[in-house]
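The values are calculated or read from the model by the stated rules, or taken from the named source; none is laboratory data. Treat the numbers as computed from the prediction; the structure is a model and nothing was measured. A quick note on method: Cβ atoms are made from the backbone with ideal geometry, for glycine too, and the neighbour counts reach across all protein chains shown. Calculation scope for accessible area: heavy atoms of the full protein, side chains included, ligands and nucleic acids excluded. Shrake-Rupley method; radii C 1.70, N 1.55, O 1.52, S 1.80 Å.
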Amino acid sequence: MVAVAHIMNATLVIPQLDRRSFWQDSSIFSDIFDELHFITTLQGDVRIVRELPKELELVPRARKHFTSWSSMGYYKEMMQLWNDHQVIHVAKSDSRLANNDLPLDIQRLRCRALYHALHFSPPIESLGKKLVDRLRMRSGKYIALHLRYEKDMLAFTGCTSGLTDAESEELRIMRENTKHWKVKDINSTEQRIGGFCPLTPKEVGIFLQAIGYPPSTLIYVASGEIYGGDARLSELMSFFPNLVFKEKLATKEELNAFAKHASQSAALDYIVSLESDVFVPSYSGNMARAVEGHRRFLGHRKTITPDRKGLVRLFDELESGQLRETSSFSDLVQQMHKNRQGAPRKRKGPSPGIKGKARFRTEESFYENPYPECICSSKA
């Protein structure tokens with residue numbers, strides 16, 4: 001939206017955050033981010049105000065859903081809205097700008113907004129750094145595991161592999177009752193085979209063991225409440241007992257300020273994930289993509305992104321006995337992920353064979369990989 005405001009020569013009002021989600025978080029922008037730093041860092045690019053000026057509160061406004069993955073030309077056309085309105089209310093702001101084929105200055109502005117202007121609020125920054133220091137004191141090195149195995153994600157994706165009938169029904173009812181989730185009838189088996197499901201805690205354990213990490217590896221688990229609780233986490237702990245959560249690293253007093261504020265709590269996880277020696281997401285959601293892109297920007301820090309579709313096939317072969325030797329399974333997993341560990345590569349374009357606007361949906365997100373526009377290459 002910073003880039004869109006720049007293109008349209010608009011003043012950007014500090015955004016209001018979504019409060020309808022599963023987490024029901026009442027946080028405002030300044031609870032999570034350093035608002036003054038955001039405004040001043042970008043003052044040469046776009047004018048930003050904390051709230052709509054009083055004289056504009058009652059004027060007729062255009063409520064607009066900008067089209068996803070739109071180009072510069074689209075927003076130049078949208079400037080005609082200024083002919084009739086002084087205020088444009090953008091109802092949804094995610095993925096409204098194209099990933100590719102934008103001018104270099106616009107792409108770099110996006111990175112300036114992301115990696116220079118957006119700093120977490122001082123209380124979040126302070127505690128996040130303390131958590132990183134405490135992890136370093138324990139082991140020197142650690143893996144950050146973004147374990148996206150929470151109730152909302154499983155209900156949204158329709159993934160029920162390994163769950164009880166009662167749990168599967170609970171998730172179906174949640175999906176049915178959430179109005180802004182458009183897809184209601186989902187085939188869980190097809191989702192899993194297609195690689196569209198988060199890895200289960202058990203699958204993560206098998207995966208990390210196959211990649212070559214020893215049981216003593218210190219793993220920080222970045223997540224909300226795991227669906228199934230300790231019973232499901234124990235499946236991961238049987239492989240890697242040295243699991244750490246922020247609730248164990250921080251005192252109750254330190255975490256009190258973030259209680260019932262899932263976005264602020266996630267910001268702590270973001271900091272610990274960003275600074276980790278290795279980052280492993282169990283699912284490619286918004287936060288996982290943002291962390292991966294940020295780590296690339298900071299020097300292509302090691303990020304292992306599981307090939308979920310390929311892994312499901314191997315897991316099933318292992319389960320059925322087709323793969324008997326643990327060593328051969330590990331060899332296959334390691335070969336599969338040889339080029340999925342954060343090494344420099346250009347952002348992927350659309351999938352071949354897909355036409356029309358649907359192809360934009362298949363492009364790799366700019367926020368997942370801002371290379372090459374925002375990352376300098378050495379001449380070597």
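Take the chain with all the other protein chains still there, run a 1.4 Å probe, and you get 54 Å² of accessible area per residue. Here the accessible area is traced with a 1.4 Å probe on the protein chains. For the chain, carbon and sulfur cover 51 percent of it. Comparing T326, T178, T217 in a Gaussian network model of the chain, where Cα atoms under 10 Å apart are tied by springs, the biggest mean-square fluctuation is seen for T326. Size check on the chain: the Cα extents along the three principal axes, sorted descending, read 69, 55, 52 Å.
When the alpha carbon gyration tensor of segment 302-380 is reduced to an equivalent ellipsoid, its three semi-axes come out at 31, 20, 8 angstrom, largest first.
Dividing the helix sum by the residues of the chain, where each DSSP H run of 4 or more adds -39500 (n - 2.57), gives a mean residue ellipticity at 222 nm of -11500 deg cm²/dmol. Count charges around F360 for me, please; just the other residues with Cβ under 15 Å from its Cβ, Lys/Arg as +1, Asp/Glu as -1. That sum, taken over residues with Cβ under 15 Å, equals +2. Across the chain, the longest piece that holds none of the GluC sites (Glu not before Pro) lying in DSSP loops with up to 13 other C-beta atoms within 10 Å covers 58-224. How much of the DSSP beta bridge set in the chain is antiparallel, as a percent to the nearest 5? For the chain, the DSSP antiparallel bridge percentage is about 10.
Y367 contributes about 90 Å² of solvent-accessible surface, heavy atoms of the protein only, 1.4 Å probe.
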